[in-house]
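Following: one structure in structure tokens, then a few remarks.
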Amino acid sequence: ILIYNKKAIGVEFVRDGQKQEVLARREVILSAGTIGSAHILMLSGIGPREHLQNMKTKAWQSIGATLVRNDAPGNCDDSIFDSDKYWKCIGRHFLGSATHIVGTCRIGSAHNSSAVVDPRLRVIGIENLRVADASIMRNIPSGEPNAPTMMIGEKAADIIKQDNGGHYSHNYKGKHSRNNQRRYVKYTKQLMRYY
């Protein structure tokens, strides 16, 4: 994410081996999933200072920050530290995940130290940047997170339209649409509990 004066102005990415930039007309919407969104924010220099100091972003390179190797005996000894081969080996042998990971970019008020986004999904402290995926959930839902995650996308679309002069409206028609509307309202109320 390209940031200038605490304002997201676009994104930078690599395509076909070429670094490219795309500038945003209004704002940047980050929706890379629970792991990806937090990762992209940290690569952009947004996140916990202590953790960022151990990362190789341009900002931290400018102050001479370095990675510290914690040796893991066995599996990755033959890899050169910090090489692609080393990190692939570490990922293959030492990383795991649990199901239904959420909460890496938690929602909350600007006064909550664990919050990354505010109730309108804006990244706290950075203008024109929102996160809209399961990473904003404060707690793991008791059931499958698929429906609440879709609801976050729907709610994000409504918030973005409202903030940009659009109108909040849905065209629900027929029996199935009414059932979907009831589910939407139910999940919206569940998420609103966490605001």
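Collect the residues in region 12-41 that are open to solvent by 50 Å² or more (accessible area, probe 1.4 Å) and either at positive phi or of a type in the set (V, I, T) (or both), keeping them in residue-number order.
Listed by number, the residues that qualify are V14, D16, G17, V22, I29, I35, I40.
Which of the residues spanning region 123-133 are open to solvent by 50 Å² or more (accessible area, probe 1.4 Å) and either more than 15 Å from L30 (Cα to Cα) or within 11 Å of the chain's Cα centre (by Cα) (or both)?
Residues of region 123-133 that are open to solvent by 50 Å² or more (accessible area, probe 1.4 Å), as a first pass: 124-125, 127.
Selection gives G125 alone.
Can T104 be described as β-branched (V, I, T) and modelled with pLDDT under 90?
Values: β-branched (V, I, T): yes; modelled with pLDDT under 90: yes.
Yes.
Can you tell me which residue among D78, D71, D84 is open to solvent by 40 Å² or more (accessible area, probe 1.4 Å), farther than 25 Å from E127 by Cβ, modelled with pLDDT under 75 and among the acidic types (D, E)?
Every option except D71 fails the conditions.
Here are the criteria: (1) farther than 20 Å from A32 by Cβ; (2) at pLDDT 80 or above. Tell me which single one N180 does not satisfy.
Going through the list (1) farther than 20 Å from A32 by Cβ; (2) at pLDDT 80 or above, N180 breaks only (2).
Quick one: is L43 of a type outside the set (F, W, Y) and at pLDDT 80 or above? Before you say what the answer is, go through the steps one by one.
Working: of a type outside the set (F, W, Y): yes; at pLDDT 80 or above: yes.
It is true that L43 is of a type outside the set (F, W, Y) and at pLDDT 80 or above.
Can you tell which of D158, D118 is open to solvent by less than 80 Å² (accessible area, probe 1.4 Å), at pLDDT 90 or above and farther than 17 Å from S37 by Cβ?
On the way: D118 fails: farther than 17 Å from S37 by Cβ.
When all the criteria are applied, what remains is D158.
The values are calculated or read from the model by the stated rules, or taken from the named source; none is laboratory data. Not measured: the values here are computed from a predicted model. All Cβ positions, even for glycine, are placed from backbone atoms using ideal geometry, and neighbour counts span all protein chains on display. Surface accessibility is based on the protein's heavy atoms, side chains included, excluding ligands, DNA and RNA. Shrake-Rupley method; radii C 1.70, N 1.55, O 1.52, S 1.80 Å.
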